[in-house]
Amino acid sequence: SQQGEEDPQALSIQEGENATMNCSYKTSINNLQWYRQNSGRGLVHLILIRSNEREKHSGRLRVTLDTSKKSSSLLITASRAADTASYFCATDEAGANSKLTFGKGITLSVRP
Amino acid sequence: EPEVTQTPSHQVTQMGQEVILRCVPISNHLYFYWYRQILGQKVEFLVSFYNNEISEKSEIFDDQFSVERPDGSNFTLKIRSTKLEDSAMYFCASRVDSPSPLHFGNGTRLTVT
């Protein structure tokens, strides 16, 4: 398996519900980042959590990081139809020469 | 807000032809990247560039690929002899330092026929 694997691969929820997406990784990291991609567009950075942080909030987003389990979760609360997109986690590996490694992404569909 | 711009948005080329994909990173950024994404799948790292040289490259980035920063603003990816399997979205990204968030362009869709 690969660095930065998200699950589930696809998630369909009703507007107003919370969406939880998970990411697992294999190596030591400096930080972990979550990105969003609308269809046919570039990736947009959502939130960064450092390896010495356990939880971080930004608006309706909540990210957790468990370095002992090498996993992270992204929670979107009170989802909206406009949250429909693909979501990627990306790891900034410790010792790596500045690259970010992305997972395969999660397709989130929020039904109005 | 400053953004990364990529041109062209769509490039169609014949197998064996050379293509140059162009990017203008955000002006005060120091780290530059190319990634590619095939048919909405995984975002794959190609190459990173810092201080006017390649800092890391992936197995995908073989001798057919090259990058250049010919002046203070442009960052280009050249594919010398395109193959059908090079068809993908190519994303340029930059960041001010490492580690910090990446800023992506909207990509160039390369179609090799």
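The values are calculated or read from the model by the stated rules, or taken from the named source; none is laboratory data. Computed from a prediction, not measured in an experiment: that's the story for all the values here. FYI the Cβ positions are ideal-geometry reconstructions off the backbone, even for glycines, and counts take in every protein chain you see. The area values use the complete protein model at the heavy-atom level, side chains included, leaving out ligands, DNA and RNA. Shrake-Rupley method; radii C 1.70, N 1.55, O 1.52, S 1.80 Å.
Using a 1.4 Å probe on protein heavy atoms only, how many Å² of accessible area do B and A hide from each other, summed over both chains and rounded to 100?
Heavy-atom accessible area buried at this interface is about 1700 Å².
Which entries of A:Lys26/A:Lys56; A:Lys70/B:Lys78; A:Lys69/B:Lys83 have Cα-Cα distances beyond 32 Å here?
Beyond 32 Å: A:Lys70/B:Lys78; A:Lys69/B:Lys83.
Counting pairs of alpha carbon atoms under 8 Å apart in space and at least six apart in sequence, what relative contact order in percent does chain B give?
Relative contact order for chain B comes out at 39 percent.
What number, in percent, do you get for the relative contact order of chain A if the mean sequence gap of Cα pairs under 8 Å and at least 6 apart is divided by its residue count?
Across chain A, relative contact order equals 38 percent.
Find how many whole Å separate the alpha carbon centroid of the stretch B:59-113 from the alpha carbon centroid of the stretch A:74-90.
27 Å
Under 12 Å from a label point 7 Å along Cα→Cβ of A:Ala78: give me every residue in the stretch A:38-68 with its amide N that close.
The answer is A:59-61.
Determine which aspartates and glutamates satisfy two conditions relative to B:Lys57: a Cα distance under 13 Å, and not lying fewer than 8 residues away in the same chain.
Partners found: B:Glu44.
Given R₀ = 45 Å, what would the calculated FRET efficiency be for A:Ala10 paired with B:Asn52, taking r from the Cβ atoms and rounding to 0.05?
Efficiency, from the Cβ-Cβ distance: 0.60.
Can you give the Rg to Rh ratio of chain A, both from alpha-carbon atoms, with Rh computed by the Kirkwood formula? Mind showing how you got there, number by number?
Numbers: Rg = 13.4 Å, Rh = 14.0 Å.
Taking Rg over the Kirkwood Rh, I get 0.96.
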